[in-house]
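> Just dropping this structure here.
The values are calculated or read from the model by the stated rules, or taken from the named source; none is laboratory data. Quick caveat, the model's predicted, so the values are computed rather than measured. Note that we place each Cβ from the backbone using ideal geometry, even for glycine, and neighbour counts take in every protein chain shown. To get the accessible areas, we keep the full protein, side chains included, count just its heavy atoms, and leave off ligands, DNA and RNA. Shrake-Rupley method; radii C 1.70, N 1.55, O 1.52, S 1.80 Å.
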Amino acid sequence: MSVLRSILPCHRGRLLLAFKGWRSPKSLSFSSFWCKLYSSGSYNEVLSNGVASKKKEFDFERLFHSCTKIYILKCLHALLIVSGKAQSIFIGTRLVNLYAHLGDVSLSQKTFCMIENKDAYTWNSMISSYVRNGHFRESLNCLNEMLSTADVKPDFYTFPPVLKACNSIIDGVRIHCWASKLGLEWDVFVAASLVHMYCRFQSSGVAFRIFKDMPYRDMGCWNAMISGFCQNGNATEALSLLDEMRLEGIKMDTVTIAVVLPICAQLGDIVHGLPIHLYVIKHGLELDVFVSNALINMYARFGELRHAQKVFDDMMVVRDLVSWNSLIAAYEQNNVPEKALKYFQEMMINGIQPDLLTLVSLASSIAQTKSFRCCRSVHGFVLRRSWIQEDVIMGNAVVDMYAKLGLIHCSRKVFDEIPIKDVVSWNSMITGYAQNGLASEAIEIYNMMKECDDIEPNQGTWVSILPAYAHLGALQEGTRTHGHVFKVALNLDVFVSTSLIDHYGKCGKLDEAMLLFHEVPRMSSVPWNAIISCHGIHGNGRVSLKLFNDMLNAGVKPDHVTFLSLLAACSHSGLIDEGKTYFHMMEQEFGIKPVLKHYGCMVDLLARAGGLETAYQFIKNMPLQPDASVWGALLGACRVHGNVELGKLASDNLFEVDPENVGYYVVLSNIYANYGKWEGVNEVRSLARDKGLKKTPGWSSIDLSNKIEVFYTGNQSHPQCHEIYEELGILTAKIKTLGYTPDYTFVLQDVEDDEKEQILTSHSERLAIAYGILNTLPKSPLRIYKNLRVCGDCHNVTKLISKITEREIIVRDSNRFHHFKNGVCSCGDYW
């Protein structure tokens, strides 16, 4: 160290002056560099003019290897300048590369400019330095400067990096022309880079022509083309090319497998996927982390969680964060959130820190488990790392999580905090409102989205907003959206077209729904489920059953949603025996285990037909714990059939499983009121008040002249209020001549008969019908949408109004559609 101390005072200032860009590091850091010099044995003599003694040169090779930080490299650079070595093209280029490797492109560029008589290697190094550090425009400018230099011409090392830097296909085509002009187009590296470039700009056809014309193809070329097809959505072509590659005797490597396995998952092609896994095992590639992660993802997409778990368990040595994320996502995407949360905890115990993608899967898993406590923890974890501000994907996941938990106000708050929203942000908020029954708010968000110039609606937007329009019965808005969908050529997309089918069906346009159904691809169960459900809610149970048979004949496999739609259709049409048959069929023939929603449909089917005791015995024999949908179906039937005792039992269970739902209190109160048990009515209403619950007001809407008019029961504030009640008085007088007598059992207040008649007359659906009659041409159809179930008296009145006005009146209540025509309803008085 004494020698080191004697050298530093004499030469430190000269070395610092030799490199003006140097900024003084800590003395310890500078000393550590000289320790490297001392330990290398090259410290012996530094002459007074700063040049090393001829007796012993510095060991620059060892010094280059010691440069792991910018400040150390600057010290070495200064030493090279003083020693006269920096003028060497080789040394200068090495400095260019090393500065770029350490992330300082500006010093790399300054060093490059100091090199005289640059050769192709020097230019290539500078171009690669720009590309490696993301300075793509500068790399293109550097190439242009190189091309303008007569002394040096690009070689086959020049083009691969610069092709990665192309910001547009125009840049790529220009560079392709230069490569062709210099005769380098068919170099294997250049050609593979061209294939990559064209695929990146969705020109897989051009890329494939280059690939086919290549005189020689190595493994990288095949991988580039297969990956290119995958990036451009040409999964079938990618698998065909893989088969061609194997026929030529070229073996797959880890890159090929990691590219192809996601394609198999995307196509649902387990026939290709399983042999590839066998190939992996046979050739000992299962220890490659990328291959194993791809296998986990593939099996997850196939729903084969047991195989995904086995692959993960065999990765004990090579697991990385992606491996854990893949397994957590596998369980989350296959609706096994408990396992996803378990492996998240295990991952933390193993010291693996989660990243953004981990939290996205975790947020979705928590939404599935309905864990309100955990959702706050996840949100807090994300906030502490400022991930919502830094990455929109995380913000979208939290918005979606809160919406699925029903905490829509929290969802909106997070949405408002996202600094730069993308289309997924808007779609998540629209879907959140729509799924929580807030259709008007969903439409409001959609209208705000349309005002953003930089946001274009996509498939997810249409799929989100159409159910909101359907909920409100906004037929005109939905039809206008159909026009936008057609304009952007998404009308044949299976999800968008299914949403349109559902929209038209729920807006009473069943013929349009059928026409659209026959136009769209019907290879999956999704459109079939939609049209079966549409006919079901319109009371066309037999048509739903026929469509189900057509679906089977078309070779389409039903899923749990199919049977849910079928059972609901049987329930609406009173098809008891058929409903029982399909309930048993789903598990015995198709291996679909019934969930609570299926059991709820069966209870509704049995109880609605009057089999209340049978339905109750069915509930008691269920293998699952009944939820609100099951007891709610029984309670609703008890109201229809007037079974107070069983209704009280069903409501007691409902108050335990879903105590915050005011609707159940209202139904029990109505059951008591129907039988004049006013003490029971007061008791139930008092219980609801004590919990701070308020009855949902009944409303009906009608869509006329692109405007939705909403009427609440007893509405007195409408501009045409006087004319509406006057018209209702005329209509009531006419239908009384046909034998109509008000049914006061549907008045749930203890008042006099004349007041009861006034209450019945002011029901929201009657106000909407009268408004429609006043504002439309005679004999034209009316479409009314009601948020609650139509009462029996209004049902009878609407039948008679349809007869005296010679109109078709279509009413959609909370359960189904009623088509009134010539004094008859399509439900056959069974609803």
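> Carbon and sulfur together cover what percent of the accessible area of the chain at a 1.4 Å probe radius?
Numbers: 21280 of 39370 Å².
Carbon and sulfur atoms account for 54 percent of the accessible area of the chain.
> Calculate the translational D of region 603-745 in whole µm² s⁻¹ from Stokes-Einstein, where the hydrodynamic radius comes from the Kirkwood formula applied to all Cα pairs, the temperature is 20 °C and the viscosity 1.002 mPa s. If you can, show how the numbers build up before the last one.
Numbers: Rh = 17.9 Å.
The calculation lands on 120 µm²/s.
> Same structure, new question: Shape of region 679-797 from its Cα gyration tensor (a ≥ b ≥ c, root eigenvalues): rounded if a/c is under 1.5, otherwise prolate when a/b > b/c, or oblate?
oblate
> Let me ask you something else. With a cut-off of at most 13 other beta carbons within 10 Å, and DSSP calling the residue loop, which chymotrypsin sites (Phe, Trp or Tyr not before Pro) in region 455-559 qualify? Please list them.
Working: sites: W462, Y469, F486, F495, Y504, F517, W528, F548; in loops: none.
Sparse-neighbourhood loop chymotrypsin sites (Phe, Trp or Tyr not before Pro): none present.
> At a 1.4 Å probe radius, which order do F64, F590 fall into by accessible area, largest first? Provide the component values of the computation, followed by the final result.
Values: F64 10, F590 50 Å².
These residues rank, largest area first, as F590, F64.
> For region 453-465, in order, what is each residue's ³J(HN,Hα) by Karplus, 6.51 cos²θ - 1.76 cosθ + 1.60 with θ = phi - 60°, in whole Hz (x at glycine and Pro)?
Running phi through 6.51 cos²θ - 1.76 cosθ + 1.60 with θ = phi - 60° gives 5, 8, 10, 10, x, 10, 3, x, 5, 5, 5, 7, 7 Hz.
> Sticking with this structure for a sec: Would you please give the FRET efficiency between M585 and L515, computed as 1/(1 + (r/R0)^6) with r the Cβ-Cβ distance and R0 = 25 Å, to the nearest 0.05?
Working: r = 30 Å, r/R0 = 1.19.
The formula returns an efficiency of 0.25 here.
> Moving on. Would you mind getting me the FRET efficiency between F136 and R306? Use the beta-carbon distance for r and R0 = 45 Å, nearest 0.05. Each step should come with its number before you reach the end.
Working: r = 45 Å, r/R0 = 1.00.
Plugging the Cβ-Cβ distance into 1/(1 + (r/R0)^6) gives 0.50.
> Considering the zone a paramagnetic label at D422 would reach in this model (a point 7 Å from Cα along the Cα-to-Cβ line), which residues of region 457-493 have amide N under 20 Å from it?
Answer for region 457-493: 457-465.
> Pull out a ≥ b ≥ c, the square roots of the eigenvalues of the alpha-carbon gyration tensor of region 745-821, then state rounded if a/c is under 1.5, prolate if not and a/b is larger than b/c, and oblate in the remaining case.
Prolate shape, in that a/c is at least 1.5 and a/b is the bigger ratio.
> Leaving out ligands and nucleic acids, and using a 1.4 Å probe, what accessible area per residue does the chain come to in Å²? Before the final figure, lay out each step's value.
On the way: 39370 Å² over 831 residues.
Per residue, the chain has 47 Å² of solvent-accessible surface.
> Using mean Cβ contacts within 10 Å as the protection proxy, how do 735-741, 623-629, 77-83 order, highest first?
On the way: 735-741: 12.4, 623-629: 14.7, 77-83: 21.3.
With the highest mean Cβ count within 10 Å placed first, the list reads 77-83, 623-629, 735-741.
> Here are some pairs, K779/K799; K118/K153; K404/K786; K506/K597; K509/K557; K110/K153; which of them have Cα atoms lying more than 18 Å apart in this structure? List each step's numbers first, then the result.
Values: K779/K799 14 Å; K118/K153 11 Å; K404/K786 25 Å; K506/K597 20 Å; K509/K557 27 Å; K110/K153 22 Å.
Long pairs (Cα-Cα over 18 Å): K404/K786; K506/K597; K509/K557; K110/K153.
> Does region 541-611 come out rounded, prolate or oblate, given a ≥ b ≥ c as the square roots of the eigenvalues of its C-alpha gyration tensor, rounded meaning a/c under 1.5 and, failing that, prolate meaning a/b above b/c? Walk me through the intermediate numbers first.
Details: a/c = 2.23, a/b = 1.37, b/c = 1.63.
Because a/c hits 1.5 or more and a/b fails to exceed b/c, region 541-611 counts as oblate.
> If R0 is 25 Å, what FRET efficiency do you get for L649 and W678 from their C-beta distance, rounded to 0.05?
Numbers: r = 21 Å, r/R0 = 0.83.
Step by step, r from the Cβ atoms, then E = 0.75.
> Per 0.36 nm of contour for each residue apart, how much would the distance between L774 and Q353 grow if the chain were fully extended, relative to their Cα-Cα spacing? Don't skip to the end; give the middle numbers.
Values: separation 421, 0.36 × 421 = 151.56 nm, distance 6.67 nm.
Going from the current span to full extension adds 144.9 nm.
> Using label points projected 7 Å from each Cα along Cα→Cβ, tell me how many nm separate M523 and M219, to one decimal.
Here the answer is 3.3 nm between the modelled labels.
> Projecting each Cα onto the charge dipole of the chain (Lys/Arg +1, Asp/Glu -1 at the beta carbon, about the Cα centre), which of A340, N97, F159 comes out farthest on the positive side?
Farthest along the dipole direction, towards plus: N97.
> What is the angle, in °, between the Cα long axis of helix 494-506 and the longest principal axis of the Cα atoms in the chain? Nearest 10 is fine, range 0 to 90.
20 degrees
> Now for a different question. Over region 113-176, what per residue volume does the convex hull of the Cα atoms give, in whole Å³? Please report the intermediate quantities before stating the final value.
Working: hull volume 5.0 nm³, N = 64.
Taking the convex hull of the Cα positions in region 113-176, it is 78 Å³ per residue.
> Identify, among T122, H176, Q109, the residue whose Cα sits farthest towards the positive end of the charge dipole of region 85-200, taking +1 on the Cβ of Lys and Arg and -1 on the Cβ of Asp and Glu, with the dipole about the Cα centre.
Q109
> May I ask for the equivalent-ellipsoid semi-axes of region 166-288, computed as the square root of five times each C-alpha gyration tensor eigenvalue and listed largest first in whole Å?
Semi-axes from the Cα gyration tensor: 28, 16, 11 Å.
> Tell me the Kirkwood hydrodynamic radius of region 639-712 in angstroms, computed as one over the mean inverse distance between distinct C-alpha pairs. Kindly include the intermediate steps, with their values, before the conclusion.
Values: mean 1/r = 0.0725 Å⁻¹.
This gives a value of 13.8 Å.
> Distance between the C-alpha centers of region 471-500 and region 158-221? Whole Å please.
40 Å
> Given the peptides 119-127, 371-379, arrange them by the average over their residues of other C-beta atoms within 10 Å, most packed first. Don't jump to the answer; show the numbers that get you there.
On the way: 119-127: 21.1, 371-379: 15.4.
Final packing ranking: 119-127, 371-379.
> Taking all protein chains together and a probe of 1.4 Å, list H409, H272 from the most accessible to the least accessible.
Details: H409 125, H272 50 Å².
The ranking, largest first, comes out as H409, H272.
> Could you compute how much accessible surface K251 exposes when probed at 1.4 Å, giving the result in Å² to the nearest 10?
Accessible surface of K251 is approximately 140 Å².
> For the full complex of protein chains and a 1.4 angstrom probe, list I366, I169 by accessible area with the highest value first. Working shown, then result.
Working: I366 5, I169 60 Å².
The ordering from most to least exposed comes out as I169, I366.
> Across 5 Å bins from 0, what is the distribution of all Cα-Cα pair distances for region 330-457, in whole percents?
2, 11, 21, 23, 19, 13, 7, 3, 1, 0
> In whole Å, how far is the Cα centre of region 450-466 from that of region 510-576?
Taking the Cα centre of region 510-576 as reference, the centre of region 450-466 is 28 Å away.
> Still on this structure, I have one more. Translational diffusion coefficient, Stokes-Einstein: compute it for the chain using the Kirkwood radius over C-alpha pairs as Rh, at 37 °C and 0.692 mPa s, and state it as an integer in µm² s⁻¹.
Working: Rh = 33.0 Å.
Diffusion coefficient, whole number: 99 µm²/s.
> As a test of the definition: which semi-axes, in Å, follow for region 61-154 when you take the square root of five times each eigenvalue of its alpha carbon gyration tensor? Largest first, please. Intermediate results must be reported in sequence, preceding the final value.
Values: eigenvalues 103, 50, 17 Å².
For region 61-154, the semi-axes come out at 23, 16, 9 Å.
> While we're looking at this one, here's another question. With each pseudo-label sitting 7 Å past Cα toward Cβ, what's the N335-V317 distance in nm, one decimal?
4.0 nm
> With labels modelled as points extended 7 Å from the Cα through the Cβ direction, what inter-label distance (nm, one decimal) is found for A120 paired with Q617?
So the two model labels end up 9.0 nm from each other.
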